[in-house]
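Note sheet for the following structure.
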Amino acid sequence: MNNNQLALLVKQSEANKEQKRNSRRQQMAEHFLKGLGRGSEWLIKENLKLLYFYKDFDFVITAVENFAAKNENEYLAKCIQEFF
């Protein structure tokens with residue numbers, strides 16, 4: 001095995017690790033989105049705090065925007081505003 005082959009294998013391994021990491025992050029974001037809007041105000045606020053770490057996913061931003069549009073609670077509106 002020469003250096004080029006070894007470098008290619010290392011790149012592929014790193015790409016696979018990155019893909020797995022992103023897949024896990026996406027699954028966790030989807031899991032937290034399932035609970036958005038359910039439970040007490042405190043629970044929803046904590047859920048929003050966790051979702052903040054997944055803000056780089058477009059579907060998370062869209063879901064929070066949709067929740068904000070349906071929400072009439074002032075406390076939660078403030079929490080959503082802090083999210084953005």
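Filter the stretch 1-17 down to residues that are polar (S, T, N, Q) and open to solvent by 90 Å² or more (accessible area, probe 1.4 Å) and give me whichever is farthest from GLN81 (Cα to Cα).
In this case the residue turns out to be ASN3.
With the requirement that a residue be basic (Lys, Arg) and surrounded by 12 or more Cβ atoms within 10 Å (Cβ to Cβ), what does the stretch 18-54 give you?
ARG25, LYS45, LYS49, listed by residue number.
Which pairs have Cβ atoms under 9 Å, sit 6 or more apart or on different chains, and link a residue in the stretch 49-66 that is in contact (Cβ under 8 Å) with a residue 12 or more places away in the chain and closer than 16 Å to ASN22 by Cα to one that is assigned to a loop (DSSP other than H, G, I, E, B) and open to solvent by less than 40 Å² (accessible area, probe 1.4 Å)?
LEU51/LEU36
The values are calculated or read from the model by the stated rules, or taken from the named source; none is laboratory data. Since this is a predicted model, take the numbers as computed values, not measurements. Cβ: placed from backbone, ideal geometry, glycine included. Neighbour counts: every protein chain shown. Remember, those area values only see protein heavy atoms, side chains included, never the ligands or the DNA or RNA. Shrake-Rupley method; radii C 1.70, N 1.55, O 1.52, S 1.80 Å.
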